[in-house]
Amino acid sequence: MPTNTEAVAVVETRLIHAFHRRATTLLCEAAARPSVPLAALAELREYLVKNLRHHHETEDHLLWPLIAAVAPEVAARFGVLSEEHDALDVALDALAGVPIGGDGDRPAFQRAAEAVRFLVHRHLEHEEPLLFPALRAHVSPEEWTAFSREVVATSPAEAAHLTVGFLDQVGTPEEVALVLAGLPEPARQFVPAMRAQAHAALAVLEGTADTAGGVEG
């Protein structure tokens, strides 16, 4: 468990990035799996589109300026990352616009999901070597706390339970508890229910949910 807020900033960011990798990969895998209901695909798509947009918008408008105020030479290198955010927005628009009213829509849906996955994974490979050192060196404990609270307060509400489920998949129990500690107190009481809901939803997407006494393959 990290003992200082600078380390907490890196842990929180690393986990969020890890679940974005996992979530975009799962959408592609689920789209290729005929047993996954279209409603489950639609829910994960909506969740991803809104949360990926929110994530990079908070970076562009809040975190990058925070770092630029004390280390402009570092923040200047983030310009390329913001350009990649713009490219991701185009891919997210395409994914959001694919009809998903029948199984015949799955190939186009899968192609759009794969484009988003590719851009997200590539972008994070570019971003992390720049961002993690900047978080350690240039963001104070108080600044990170304020930024993190703003991110939580403005996060999309749709399918928010999936965040808990994806965090469970990519982090240790201690790391997940650290991230979820940033939730407002009234929301923390719902975490167990959100966790159960998320694990059930992810099992459907992964094809491992119990159905009629069996397990989907």
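The values are calculated or read from the model by the stated rules, or taken from the named source; none is laboratory data. Just so you know, these numbers come straight off a predicted model, no measurement behind them. SASA here: full protein model, heavy atoms, side chains in, ligands and nucleic acids out. Shrake-Rupley method; radii C 1.70, N 1.55, O 1.52, S 1.80 Å.
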The chain, relative contact order [Cα under 8 Å, separation at least 6], %: 35
Per residue value of the accessible surface for the chain (all protein chains in place, 1.4 Å probe), Å²: 47
Potential lengthening between Q189 and A42 on full extension [0.36 nm per residue; Cα-Cα distance subtracted]: 50.2 nm
Mean Cα-pair separation over length for the range 84-212, i.e. relative contact order, pairs under 8 Å, 6 or more apart, %: 19
Zero-based 5 Å bins, Cα pair distances in the chain, whole percents: 1, 7, 14, 18, 19, 16, 12, 7, 4, 2, 0, 0
Gained length - R77 relative to E150, 0.36 nm times residue gap less alpha-carbon distance: 23.9 nm
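When the accessible area of the range 13-72 is split by element with a 1.4 Å probe, what percent falls to carbon and sulfur? Can you show the working numbers first?
Values: 1320 of 2130 Å².
Within the range 13-72, the accessible surface is 62 percent carbon and sulfur.
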Percent accessible area from carbon and sulfur atoms, the range 106-217, protein chains only, probe 1.4 Å: 60
